[in-house]
Ligand code: PRX
């Protein structure tokens, strides 16, 4: 723990303007404190009141929290509802003709979908799924391009009480197979291709490959959306069905399946500290509440906002702030298929201008790359519609924050730096923009009702300025319910015995500053954060050692100017250590191998070959040394326990 020390000293304070504060849903620190006091004096009553205000129930709940089987907490367990009803049906009367989605395709084509249109599309597709025999509790894997159809597929699955597991379209056949197999899914919904940055990316052929790898025998049908005019290579008449054939003749109404609040809404796989991704299972009622309350408080949602979260539905941010948060609250939102740099680095700014975006939510990595490609570009566009900016996924460096604030936000928009995780379901620590003054680089204070702390190994709170483990001390409605198929791992990972099974361990280190603001310092486990995406070092290591050439490997992260972190792989081959051109050739092969095993996002940026890895006498790889070598730093720590100290010199000079 002593190595975790506060690294940032940033004291500039940005309070909201009087105008923003006066109009905000939570106004001033008094407003924030009043909510926190309410949560402190009657925790369950606080959440129950919000659940009644923000969620429409078919059958009202009478029990708020059941903690008798902790850490398997249950919220609102005797209540019944449907998430798709909450996102669509309940808006029809007042907002049927309101635009729900402004979709901008990669090539710039714009499609607008009203709440009524979306309702009808979702109902038709839900009826189509039912026609295939999909029923409550069945798992549906969605491997689609980011766009209207992916949202329809998710909403339709939720509508009939089935459980979706969205797999990001950049994952490889192997990763897709693992997720299908673990979830024992019945259906895959995919597209022939996706289009990003002017290039087509295959999806259907990757799905075929995944199904061919074995372990996917549970799959009965593959539904294919024709995103482009290109034909599918293979077409299995038995297994494949076109999207249009599925919905043909289906009614545009579909009674929602009313489910218990604890019924699983979705599984989303994320990386942890073993080679096997975890199927994070979320609930229906508590999860929906988390998205709604944060739309209201953190994004300060107003009826005529145009909300834009740039995340892909393949990640939790796309679930909570594209598919469920904005639709649940009845917002108009922009959904963008492409990438921020195509056709040029002005794409985001031109879209903000074109669609009159008021609330813009993106990742620090995107901000950093856009600064690099055109720090002055935003000035060419009229960004005056913006009133609130947000960031998510990784710490933002103060320079990028200031640029975002000045150049994009014109100095007038608060920035909500939102800390949360796949497991937390919704924003947890973030400034309420009309209440909490921001500091560049800090996610500031927990939202009301979230009881966060920073503790040492013994679970005791640490003093300001000292690093420690970020924990959440009370269960909250949107929290992960379990790891699919692995309840033991759920307990061990998130509610470890070291803290008596009582504290939720986020896996991040953090520190408080003298004002009680929280600063996230990074992961404490073997999870990397590359461009805001979570990657397990063990996953990449397992992929590498699955290559016939590789005997052993260790993967570590190293700071990267744009991506936040980059992947460095130390590799020992079965044969001799390669040098020169041969080493370059094998490194290239291994990079392609990892892209094929997991996906391009996991490709090592740097590969270093060695005769061995630095190990203790008991055979443990000394990763901290590898991190120092990757960073090019002097090794100051004691290496006397090292079995083979000479290896350090070799690895130091082996960067490729
Ligand atoms: O390390 C934290 C970092 O991202 C991790 C969660 O990753 P994931 O489950 O993929 O969800 C990302 C989107 C919610 C966290 O454990 N992280 C997320 N948001 C922030 C952050 N680190 C610093 N500041 C943030 N705002």
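Taking the highest mean first, how do the peptides 221-233, 324-336 order by number of other beta carbon atoms within 10 angstrom per residue?
With the highest mean Cβ count within 10 Å placed first, the list reads 324-336, 221-233.
Place a label point 7 angstrom from the Cα of residue 466 along the Cα-to-Cβ direction, then list the residues of segment 509-523 whose backbone nitrogen is under 13 Å away.
511-512
Percent relative contact order of the chain, based on C-alpha pairs within less than 8 angstrom and at least six residues apart?
Reported as a whole number, the value is 14 percent.
Please work out the FRET efficiency for the pair residue 498 and residue 303, using the Cβ-Cβ distance as r and a Förster radius of 56 Å; give the result to the nearest 0.05.
0.75
If you count, for each residue, the other Cβ atoms within 10 Å and average over each peptide, how do 411-421, 289-299, 569-579 line up from highest to lowest?
Ranked by mean Cβ neighbours within 10 Å, highest first: 289-299, 411-421, 569-579.
Taking a ≥ b ≥ c as the square roots of the Cα gyration tensor eigenvalues, with a/c under 1.5 meaning rounded and otherwise prolate when a/b beats b/c, else oblate, which class fits segment 67-224?
Since a/c reaches 1.5 but b/c is at least a/b, the shape of segment 67-224 is classed as oblate.
With a/c under 1.5 counting as rounded, go ahead and sort segment 7-47 into rounded, prolate or oblate using the C-alpha gyration tensor (a ≥ b ≥ c being the square roots of the eigenvalues; past the cut-off, prolate if a/b is larger than b/c, else oblate).
oblate
Just grab the label-to-label distance for residue 230 and residue 588, each label 7 Å out from Cα along the Cβ direction, in nm (one decimal).
If labels sit at residue 230 and residue 588, their model points lie 2.3 nm apart.
Extending each Cα 7 Å along its Cβ direction at residue 245 and residue 606, get the distance between those two points in nm, one decimal.
Label at residue 245, label at residue 606, 5.2 nm between them.
For segment 489-581, calculate the relative contact order in percent as a whole number, restricting contacts to Cα pairs under 8 Å that are 6 or more residues apart.
That works out to 17 percent.
How do 423, 353 rank when sorted from fewest to most other Cβ atoms within 10 Å of their own Cβ?
Lowest count first: 353, 423.
Exposure proxy check: 636, 207 ranked by fewest other beta carbons within 10 Å?
Listed from fewest to most nearby Cβ atoms, that is 636, 207.
Once both labels are modelled 7 Å past Cα along the beta-carbon direction, what's the residue 488-residue 624 spacing in nm?
In this crude spin-label approximation the distance works out to 3.0 nm.
In deg cm²/dmol, rounded to 500, what helix-only [θ] at 222 nm does the chain give when every DSSP H run of at least 4 residues adds -39500 (n - 2.57) and the total is split over its residues?
-8500 deg cm²/dmol
Measure out, as a whole number of angstrom, how far apart the alpha-carbon centroids of segment 224-276 and segment 627-641 sit.
Answer, in whole Å: 48.
Going by C-beta contacts inside 10 Å, put 189, 647 in order with the fewest on the left.
By the 10 Å Cβ count, ascending: 647, 189.
Would you mind classifying the chain by shape? Square roots of the alpha carbon gyration tensor eigenvalues, ordered a ≥ b ≥ c; an a/c under 1.5 is rounded, otherwise it is prolate if a/b is larger than b/c and oblate if not.
rounded
Values in this text are rule-based calculations from the coordinates and carry no lab data. All figures in this text were calculated on a predicted structure; none of them were measured in a lab. Backbone-built Cβ (ideal geometry, glycine too); neighbour counts: all protein chains shown.
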